[in-house]
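Any read-out appearing in this document is the output of simple, stated calculations on the displayed coordinates, not a laboratory observation. Just so you know, these numbers come straight off a predicted model, no measurement behind them. Cβ atoms come from the backbone with ideal geometry, glycine included; neighbour counts cover every protein chain shown.
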Amino acid sequence: MMAETDHLSLMLGPFEDRELEPHEYQEVAFHLARCEQCTAELADYTQIGRELRTLNLELPLEGFKEAVMQRIENLPVPFTLRLRRMFGGIGELFPSNLGIAVASAVAAAITVILVTPYAQTVTNRSGTSHEIARVERDLATAPAVTTQNARTELARDVAQVEEEPQAVISKLESDIPSVAVWNEPRMDTTVIWLPDQQ
Amino acid sequence: MRTPSRQAGDEAELIDRARKGDSEAFGVLVERYQRRVANVAFAVVHNQDDAIELAQETFVRAYENLSKFESRSSFSTWLYRIAANLAIDFWRREGRHVVLRGEDAENELQRLPTEKGDSFKAASRKELSGRLSQALEELTPEHRAVILLREVEGLSYDEISEVLQCPRGTVMSRLHYARNRMRGLLKDLGQDEGG
């Protein structure tokens, strides 16, 4: 009986908590019917549980939510969330996943144009070509004026450029004799020299 | 009337919105679980201020890690687990036993009942409450957490096992120990009265 009591004592808590298998439940119930010690123990468990539930464990939670939300507000926004918000905003403008596709394409295009060195080179070249075209157009419509001063100035500038070891003059002529055009690889620039207009 | 399945669906939607950065949706979840999370923390540290601070930290951690939450366990169990982990870590780190709340315990102990009784049932409710608080104080945080999660929060053994991340058998043995320990401490009250 003593050994049985010890064994079943371990099951009293789960019995009280309804955490036993049906056959165990039955076993404990039979035992309780004839063991005062276990019945008293179970009654104490029951009362401990009841008293614990009546203990004043109500914590003062006024302003709790606001304090939590303030702390969350101060958290750094994760990069993934920033991206999600951005794409989510675009996505609202378009049906389905089209927004994400469009946003991705725009982001990729911006990256190619602004970030890659290749794109920067292309941008510079196209700008230079555009400038040359403009100058050539202007020259075509302007009267061909050649002055001695202009020639002197040209010769001085060319000599100055030649003194710089890394300045490579690749072209020092044009269809118009008073205009000099050359490339300056060190500065990644095309120089166009024009005489003063009179 | 809100059914459990409807609340679960509503909860899933709130979690989804919160994951996308909708703090208002997360606020609803905070309101819904703040008391129980605070109680879980209190079950371990047994100090109001620390429990509230830990409960706040629990929600902040939960918000930061919402992407890691999987629906295998319920959201509440996940929250309780964070709270229990934080509280147990805190308790171990601080290594302190907090003072019993209010003037209660000391005063109550000064005024032990004089009438005879063979069980702690004989003690008045106020005295019993004081002794219960003291008895809880004497338990380790693990044992205190188990008995409060079971008796006050009404968690099943499996849920306690998940929250405290220990086997179900450990939950059962801790609960058995905690109950017997409390019973012994409260029995003293009845025997003191008698002696």
FRET efficiency for residue B:71 and residue A:34, Cβ-Cβ distance as r, R0 = 51 Å, nearest 0.05? 0.60
Please report the Cα spread of region A:2-54 along all three principal axes, rounded to whole Å, starting with the longest. 33, 22, 16
Figure the gain on full extension for residue B:12 and residue B:28 (residue separation times 0.36 nm, minus the Cα-Cα span) and round it to one decimal in nm. 4.6 nm
Along principal axes, Cα extents of region B:4-94, largest first, whole Å: 38, 24, 24
Potential extension, residue B:64-residue B:49 segment - 0.36 nm per residue separation minus Cα distance: 3.1 nm
Going by how many other beta carbons lie within 10 Å of each one, how would you line up B:77, A:46, fewest first? A:46, B:77
Above 14 Å lies some portion of the pair distances; for region B:29-78, what is it as a whole percent of all C-alpha pairs? 50
